Protein chains: 2
Amino acid sequence: MTENNDTELVGVKEIARRANVSIATVDRVLHNRTGVSLKTKDKINAIIAELDYRPNIMARRLASKKVLRIAVLIPSVSSETDYWDAPLTGVSQAEAEIKAYGITVEKFLFDQNDKASFHAQARNVLKDYYDGVLLAPMFVEESKEFVEACQKRDIPYIFINSDVPGTNCLSYIGPDLYRSGYLGAHLANYLINNEDKILIVNISQEMDNHHHLLRKEEGFRAYFSENGKSMSIAKADIRRTDYPSVKKELTLALQAKDVRLIFVTNSRVSVVSRFLEESGIRDIVLIGYDFIKENIDYLKRQKIDFLICQKPQEQGYRGIMFLYNHLVHSASIDRTYYMPIDIITCENYQFYRN
Amino acid sequence: MTENNDTELVGVKEIARRANVSIATVDRVLHNRTGVSLKTKDKINAIIAELDYRPNIMARRLASKKVLRIAVLIPSVSSETDYWDAPLTGVSQAEAEIKAYGITVEKFLFDQNDKASFHAQARNVLKDYYDGVLLAPMFVEESKEFVEACQKRDIPYIFINSDVPGTNCLSYIGPDLYRSGYLGAHLANYLINNEDKILIVNISQEMDNHHHLLRKEEGFRAYFSENGKSMSIAKADIRRTDYPSVKKELTLALQAKDVRLIFVTNSRVSVVSRFLEESGIRDIVLIGYDFIKENIDYLKRQKIDFLICQKPQEQGYRGIMFLYNHLVHSASIDRTYYMPIDIITCENYQFYRN
DNA sequence: CTGAAAGCGCTTACAG
DNA sequence: CTGAAAGCGCTTACAG
């Protein structure tokens, strides 16, 4: 047995005694600092390995008065949607849990319809020194630029909500978008017949080729083609998010068609529901995204049939905790951490935790 | 402003200085120990309140070499079902996260088909001293007796999986059983027509009047009556859990009836699915409980249509973390913490986290 | 009822 | 390249 069971008894003191050095030298090796002869270093490392030494985190953080600072770069809650309230809540929750351990979390919120505000806040993060960053890379190019700067400074960063492939992030925490669209189709399939018509609705101001809504749409369509169902699927891309615009576009899209089901690829589903209600249309099944106040109102009254949710609060919470575990406990972190794909109905919504 | 922003600078030393006493006396007041004159105590408490003093948890746990011990009293994994593997995993996960802070978790597993084993393990817990207990009160009377003993010793305890009303537990963490049955009915309602027949199946060895499966059945029935649907609902209580017995009973229950949907009130749904498959019955919709290996196999192949899950792993995780937060951070704990009611299908099961 | 001192297991200057 | 000493903010005997 090389294993040591009296873990509690092994500390820097014991290592120093065995290596015939002072604890300061042990500390230097432990933190990979310079100023230790290779010979001493090797000897100490051997002892550390042999004893399977685990540093006492509490003593470490107590002695080193250093406070670890985490920066959070996510969209602010807007009048349009309070979706980002959930991740923020999760962040704050994690913050409360770990602040006793000397961790500080600072929030930099930007306007998700305004690239410049993202850029400005990213610059603010870089102006100061942070030990880790959690961000929602809403703007792909700008985000890439930002994380490259982080990389240069050796600042670890984690993405939530959507991923940016090709970066060196510590982790991506969020949905598997394709799969969630696929599931949406599967649910749809329960509620309609083969000959029914489907309308996919994308409502978003910003919409480039990498947009994550398109991944959901892909998944949605894939379900039907993979299962040999040749449903008739129409599509409406709506770029203006105000109600009159949406109304106009929807009216157009539904004209002369016999749509039985609408799949809205994001949280704007409540606007669609409002339109259907005001138009007195009652026989269209509605599936959309996200557990937000506006949507729940319609879900309750069964105007929306299903909401697909991806635990935005937990994304924020996990993001901070991953960073904390990485920085404090040197824990290894999953490169991608997919959120569960939750289905919310009027029956279970009261038990849902975002 | 009575608030103090330099929280970091306020410690026992500062309090002692202001009160003109030694830090030992401050410590006595902080921990409500005897041996301090009322006058001194009041003075110190006033200062503590005024400064909004928050003890440094790391220093506290480091100085007090005392290790906090938590006992976990839950069923063991049996050959019949590995359901309890999930809570155990959650417990271990929490344990790993907090062991650096001087918390120890000891597991006492019992056989859920054997009251005597519960009794024996409960006695083992009481023999030693623990600072907190997490238990699944599978046997109501025995559990009541046990927690009364805890109460007498001032040991806080938390229930998971099912509640025991009338006790003084710190918290109940688990499903709202009635609601989950209600949801089961709601899902059922999507998949069948008004004239279709339903069969409720309870499979359990132990089954008294307080049994939690009955709460699910109640909820299930309530949905239909509350929504004015007069479905024909039959019921099969199966007390022997081996396959031949279940097969016999199911054959009987399905005889001469035109059952379109079966609702199994617990994780034994896989046995029912096996029966249906072996009997070549393909047109019966099947809804049941729990994300366990046996069930997932059938779910994947769409032999089971829906599984309702209640995050057993998180129940174990939360249970330990609640106790930890209570013991270490003196955090206030929710008296009941209902788990979300998750719906699992063949599409989203791979993203489900138990 | 109260206080001075040692110590928890580390890190941080500082001195050599 | 290395070590002795002070200190992080508490708790724990021990002495009075």
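The values are calculated or read from the model by the stated rules, or taken from the named source; none is laboratory data. Quantities reported herein were computed from a predicted structural model and do not represent experimental measurements. Here the Cβ is made from the backbone with ideal geometry for all residues, glycine too, and neighbour counts use every protein chain on show. Just so you know, the surface numbers come from the protein's heavy atoms only, side chains and all, with ligands and any DNA or RNA stripped out. Shrake-Rupley method; radii C 1.70, N 1.55, O 1.52, S 1.80 Å.
Going by the structure shown, is B:Y337 part of a strand (DSSP E or B) and within 30 Å of B:P156 (Cα to Cα)?
Criteria met by B:Y337.
Looking at this structure, is B:A19 out of contact with any Gly (no Cβ under 9 Å at 6 or more places or on another chain), more than 13 Å from DNA strand C (Cβ to nearest atom) and farther than 28 Å from A:I57 by Cα?
Judged against the criteria, B:A19 is not a match.
Only residues in segment A:100-129 that are outside the structural domain of A:T241 (by TED's automatic domain parsing) and without any contact (Cβ under 8 Å) to a residue 60 or more places away in the chain count as the first member; pair them with residues that are part of a helix (DSSP H, G or I) and of a type in the set (V, I, T), Cβ under 9 angstrom, at least 6 apart or cross-chain, and list the lot.
A:A100/B:I57; A:A100/B:V328; A:G102/A:V328; A:E106/A:V125; A:K107/A:V91; A:F108/A:V125
I'd like to know if segment A:83-90 contains one or more residues that are surrounded by fewer than 20 Cβ atoms within 10 Å (Cβ to Cβ) and small (G, A, S).
no
Of everything in segment B:23-39 that's modelled with pLDDT under 90 and hydroxyl-bearing (S, T, Y), which residue is nearest to DNA strand C (Cβ to nearest atom)?
B:S37
Going by what's in this entry, would A:N45 be described as out of contact with any Ser or Thr (no Cβ under 6 Å at 6 or more places or on another chain), away from every other protein chain (no Cβ under 14 Å) and within 16 Å of DNA strand D (Cβ to nearest atom)?
When the stated conditions are applied, A:N45 passes them.
Given the residues A:L109, A:L51, A:L88, A:L73, which is the only one that is of a type in the set (A, V, I, L, M) and either within 14 Å of another protein chain (Cβ to nearest Cβ) or in contact with a Pro (Cβ under 8 Å, 6 or more places away or on another chain) (or both)?
None of the others qualify; the one that does is A:L109.
Residues of segment B:57-82 being assigned to a helix (DSSP H, G or I) and aliphatic (A, V, I, L, M), which ones?
Across segment B:57-82, the qualifying residues are B:I57, B:M58, B:A59, B:L62, B:A63.
Out of the residues in segment B:333-349 that are touching a helix residue (DSSP H, G or I) at 6+ places or on another chain (Cβ under 8 Å) and among the polar types (S, T, N, Q), state the one that is farthest from the other protein chains (Cβ to nearest Cβ).
B:T345
If we keep just the residues of segment A:178-204 that are crowded, with 21+ Cβ neighbours inside 10 Å and within 14 Å of chain B (Cβ to nearest Cβ), which is farthest from the chain's Cα centre (by Cα)?
A:A188
With the requirement that a residue be hydroxyl-bearing (S, T, Y) and near DNA strand C (Cβ under 9 Å from one of its atoms), what does segment B:40-54 give you?
B:T40
In segment A:329-341, is there at least one residue being touching a His at 6+ places or on another chain (Cβ under 8 Å) and open to solvent by less than 60 Å² (accessible area, probe 1.4 Å)?
yes
May I ask you to say which residue of B:V147, B:V164 is part of a helix (DSSP H, G or I), among the aliphatic types (A, V, I, L, M) and farther than 19 Å from B:I341 by Cα?
Every option except B:V147 fails the conditions.
Restricting attention to segment A:55-68, and to residues there that are free of Cβ contacts under 8 Å to residues at least 60 places away in the same chain and more than 7 Å from DNA strand C (Cβ to nearest atom), which single residue is nearest to the chain's Cα centre (by Cα)?
Step by step, filter segment A:55-68, then rank; the result is A:V67.
Tell me yes or no: at least one residue of segment B:246-253 is among the polar types (S, T, N, Q) and open to solvent by 10 Å² or more (accessible area, probe 1.4 Å).
Yes, because at least one residue in segment B:246-253 is among the polar types (S, T, N, Q) and open to solvent by 10 Å² or more (accessible area, probe 1.4 Å).
(1) over 27 Å from B:Y289 (Cβ atoms); (2) away from chain A (no Cβ under 14 Å); (3) crowded, with 16+ Cβ neighbours inside 10 Å: which one isn't true of B:N56, the others all being true?
Condition (2) is where B:N56 drops out.
Identify the single condition in (1) surrounded by fewer than 22 Cβ atoms within 10 Å (Cβ to Cβ); (2) at positive phi; (3) in contact (Cβ under 8 Å) with a residue 12 or more places away in the chain that B:R301 does not satisfy, given that it satisfies every other one.
Exception for B:R301: condition (2).
Restricting to segment A:101-121, name every residue that is among the aromatic types (F, W, Y) and either part of a strand (DSSP E or B) or under 30 Å from B:I98 (Cα atoms) (or both).
Selection gives A:Y101, A:F108, A:F110.
Have a look at A:S92, A:S79, A:S64 and point out the one that is more than 22 Å from A:F146 (Cβ to Cβ) and either touching a Ser or Thr at 6+ places or on another chain (Cβ under 7 Å) or within 16 Å of DNA strand D (Cβ to nearest atom) (or both).
Criteria check complete, one pass: A:S64.
Could you tell me how many of the residues in segment A:317-332 are in a helix (DSSP H, G or I), over 30 Å from A:L183 (Cα atoms) and more than 10 Å from every other protein chain (Cβ to nearest Cβ)?
The total comes to 4.
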